[in-house]
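These notes concern the structure reproduced below.
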Amino acid sequence: MKTWVALFRGINVGGNNILPMKELLATLENVGCQDVETYIQSGNTVFRSEETDASLLSNRIRTAIEEGHGFEPRVLVLGSEELEKAVRSNPFPEAESEPKSLHVYFLASSPERPDLEALERLKGDRERFVLGDGIFYLHAPDGVGRSKLAANTEKLLGVSATARNWRTVCKLSTMARQRD
């Protein structure tokens, strides 16, 4: 059995696409996931499954939520090893002491033509970023909420992404290691 992490985008945000975590857990169990655990209300789950294909899992989960709850969230499913690689590859280890300032964007695919020059122009004086393999790291010590770089990252990379702060990434990593 393989350990997976599912990152949901657009649930329980701003009163839209409400999906209580108990119902999310039940939905995942109904599509064959086991040892399911959720972390915070915005949709982070760790589970085990016999399925070995992340895109099949993502499609199954998305379809089940649409059928049961009437909306179709974006779901990015990562193997636990992919999450561990993201943690190990952090280019800003000195930022780990302020985990809300460090964000990891998990990319749905590798960008074919990312506009790195435009990203560079948008970054604030103290912001830093690194585009890795399927990952975009953003250190925003002045906060991500006002960051023009953060607001435009997905568009300028040209791929769908979902971001998590360092605290969440580390918590999910710990949860996944407990299942491996």
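The values are calculated or read from the model by the stated rules, or taken from the named source; none is laboratory data. Bear in mind the structure is a predicted one, so any value in this text is a computation, not a measurement. Quick reminder, even Gly has a Cβ in these numbers, built from the backbone with ideal geometry, and neighbours come from all protein chains shown.
Of the set (1) in a helix (DSSP H, G or I); (2) touching a residue at least 12 places away in the same chain (Cβ under 8 Å); (3) in the same structural domain as K100 (by TED's automatic domain parsing); (4) more than 18 Å from A95 (Cα to Cα), all apply to K155 but (2).
Candidates in the range 108-130 are the residues that are under 9 Å from L157 (Cα atoms) and in contact with a helix residue (DSSP H, G or I) (Cβ under 7 Å, 6 or more places away or on another chain); of these, the one that is surrounded by the most Cβ atoms within 10 Å (Cβ to Cβ) is L119.
Does P111 satisfy being closer than 22 Å to N16 by Cβ, in contact with a Gly (Cβ under 8 Å, 6 or more places away or on another chain) and not β-branched (V, I, T)? So P111 does not fit the description; no.
Picking from residues in the range 135-152 that are touching a residue at least 24 places away in the same chain (Cβ under 8 Å) and more than 22 Å from E94 (Cα to Cα), the one that is nearest to the chain's Cα centre (by Cα) is N152.
Of the residues making up the range 1-23, those that are over 20 Å from G79 (Cβ atoms) and modelled with pLDDT of 90 or more number 2. Would you confirm whether or not the range 139-149 contains a residue that is modelled with pLDDT under 95 and either closer than 16 Å to E96 by Cβ or not in a loop (DSSP other than H, G, I, E, B) (or both)? Yes - at least one qualifying residue is present in the range 139-149.
Scanning the range 88-115 for residues that are of a type outside the set (G, A, S), more than 18 Å from R146 (Cα to Cα) and in contact (Cβ under 8 Å) with a residue 12 or more places away in the chain gives N90, P91, F92, E96, F106, L107, P111, E112, R113, P114, D115.
Within the bounds of the range 148-165, is there any residue that is closer than 21 Å to W4 by Cα, crowded, with 18+ Cβ neighbours inside 10 Å and touching an Asp or Glu at 6+ places or on another chain (Cβ under 6 Å)? Scanning the range 148-165, I find at least one residue that is closer than 21 Å to W4 by Cα, crowded, with 18+ Cβ neighbours inside 10 Å and touching an Asp or Glu at 6+ places or on another chain (Cβ under 6 Å), so the answer is yes.
Counting residues that are under 21 Å from W166 (Cβ atoms), which helices (runs of 4 or more DSSP H) fully inside the range 1-110 reach at least 1?
Numbers: elements: 21-30, 54-69, 80-88.
Fully inside the range 1-110 and qualifying: 80-88.
Taking the condition at pLDDT below 95, within 30 Å of D142 (Cα to Cα), basic (K, R) and in contact with a Pro (Cβ under 7 Å, 6 or more places away or on another chain), does R74 pass? No; evaluated as a whole, the condition is false for this residue. Looking across the range 24-40 at every residue that is within 14 Å of F8 (Cα to Cα) and in contact (Cβ under 8 Å) with a residue 60 or more places away in the chain, the one that is surrounded by the fewest Cβ atoms within 10 Å (Cβ to Cβ) is identified as I40.
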